[in-house]
1. How big is the dipole moment of segment 1-158 about its Cα centre under a simple scheme where the beta carbon of each Lys and Arg is +1, that of each Asp and Glu is -1, and everything else is neutral? Debye, nearest 20, please.
2. Short version: ³J(HN,Hα) in whole Hz for each residue of segment 205-219, in order, from phi by Karplus 6.51 cos²θ - 1.76 cosθ + 1.60 (θ = phi - 60°), x for Gly and Pro, what are they?
3. Using θ = phi - 60° and the Karplus curve 6.51 cos²θ - 1.76 cosθ + 1.60, what whole-Hz ³J(HN,Hα) does each residue of segment 136-152 get, with Gly and Pro shown as x?
4. Out of every Cα pair in segment 106-147, what percent are spaced more than 13 Å from each other?
5. What list of ³J(HN,Hα) values in whole Hz, one per residue of segment 237-254 in order, does the Karplus curve 6.51 cos²θ - 1.76 cosθ + 1.60 (θ = phi - 60°) give from phi, with Gly and Pro shown as x?
6. Would you mind working out the accessible area per residue for the chain, using a 1.4 Å probe, and quoting it in Å²?
7. Could you tell me what a quarter of the Cα convex hull surface of segment 1-105 works out to, in nm² with one decimal place?
8. Ignoring ligands, DNA and RNA, please state the percent of accessible area on segment 1-103 from carbon and sulfur, probe 1.4 Å.
Amino acid sequence: MRKNLVAGNWKMNMTLQDGLALVSEITNMVQDEVTGSDVQVVICPPFPFLSAIGKQLPEGGRFHLGAQNCHQKESGAYTGEVSARMLQSVGAEYVILGHSERRQYFREDNELLSQKLKAALAAGLKPIFCVGESLETREADDTFNFISQQLKEGLFHLSNEEFDQVVVAYEPIWAIGTGKTATSAQAQEVHAFIREQIARAYDAEAAENTTILYGGSANAQNARELFSQPDVDGGLIGGAALKSRDFTEIIKSF
Ligand code: 13P
């Protein structure tokens with residue numbers, strides 16, 4: 001079922017001590033200030049902090065733990081890598097896959113990502129699958145083509161049952177960490193397009209039930225306007241997820 005969801009992607013930031021302090025502030029603020037909303041919150045810290053941060057999240061409520069990546073293989077001689085099953089075993093429920101930083105700096109393509117999705121789902125994790133165009137692609141008026149290809153090659157090989165577990169995040173690359181947010185109309189336009197593609201690949205019910213997040217310089221000031229769009233179900237937040245007050249305000253923006 002489609003839900004309101006805010007995920008904080010810490011990227012490669014924080015020490016464990018900073019992270020624990022941040023999460024304690026966030027959970028206290030959210031418990032005091034967020035009432036009468038069923039917004040779900042996913043905290044995605046770096047691998048080494050997952051277990052400790054997970055233990056600090058209040059159990060059985062709106063808070064969930066997520067990872068930022070996983071390896072495509074189940075186990076084996078892949079020094080330095082982390083499997084989906086390992087993530088699941090330390091309490092992660094979600095995993096971000098296909099973030100543009102992984103695509104760009106680690107050469108992850110749709111083919112590899114489709115394997116990672118399978119691995120995550122097999123371990124019982126819910127993937128947060130990211131798509132989004134570069135400035136060049138947007139200026140060439142090729143955004144819809146590009147995103148449709150990312151969805152087809154990366155995601156739409158999944159069965160209906162597998163696809164049910166997936167959250168999609170639209171993150172225009174030109175908006176990530178740049179302070180240049182997509183307008184709510186730009187976000188809505190692409191979110192509606194993604195939903196339409198899901199309806200074509202699966203069916204109208206799957207499209208209606210898919211949670212689609214916006215990411216890219218979302219903050220406490222613009223979240224309400226973005227989240228008010230009919231096809232924007234929440235946000236994948238970078239920089240503003242590292243500040244307890246800002247992140248809490250975003251969580252309150254429904
Ligand atoms: P910023 O919110 O810092 O732009 O990052 C967005 C993002 O990449 C979240 O995954």
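1. On the way: 15 positive and 19 negative charges, 108 e Å.
Dipole size: approximately 520 debye.
2. 5, 4, 4, 5, 8, 7, 7, 10, 9, 9, x, x, 6, 6, 8
3. Here the 3J(HN,Hα) series is 4, 5, 4, 5, 7, 6, 10, 4, 5, 4, 4, 5, 4, 5, 4, 5, 4 Hz.
4. The share of Cα pairs beyond 13 Å in segment 106-147 comes to 63 percent.
5. 10, x, x, 6, 7, 8, 10, 4, 5, 4, 5, 5, 4, 5, 4, 7, 8, 9
6. Numbers: 11500 Å² over 254 residues.
That works out to 45 Å² for each residue.
7. 7.8
8. Summing carbon and sulfur atoms, their accessible area is 49 percent of the total for segment 1-103.
The values are calculated or read from the model by the stated rules, or taken from the named source; none is laboratory data. Here the structure is a predicted model, which means the values were calculated and not measured. Note: ideal-geometry Cβ built from the backbone for every residue, glycine included; neighbour counts use all protein chains shown. The area values use the complete protein model at the heavy-atom level, side chains included, leaving out ligands, DNA and RNA. Shrake-Rupley method; radii C 1.70, N 1.55, O 1.52, S 1.80 Å.
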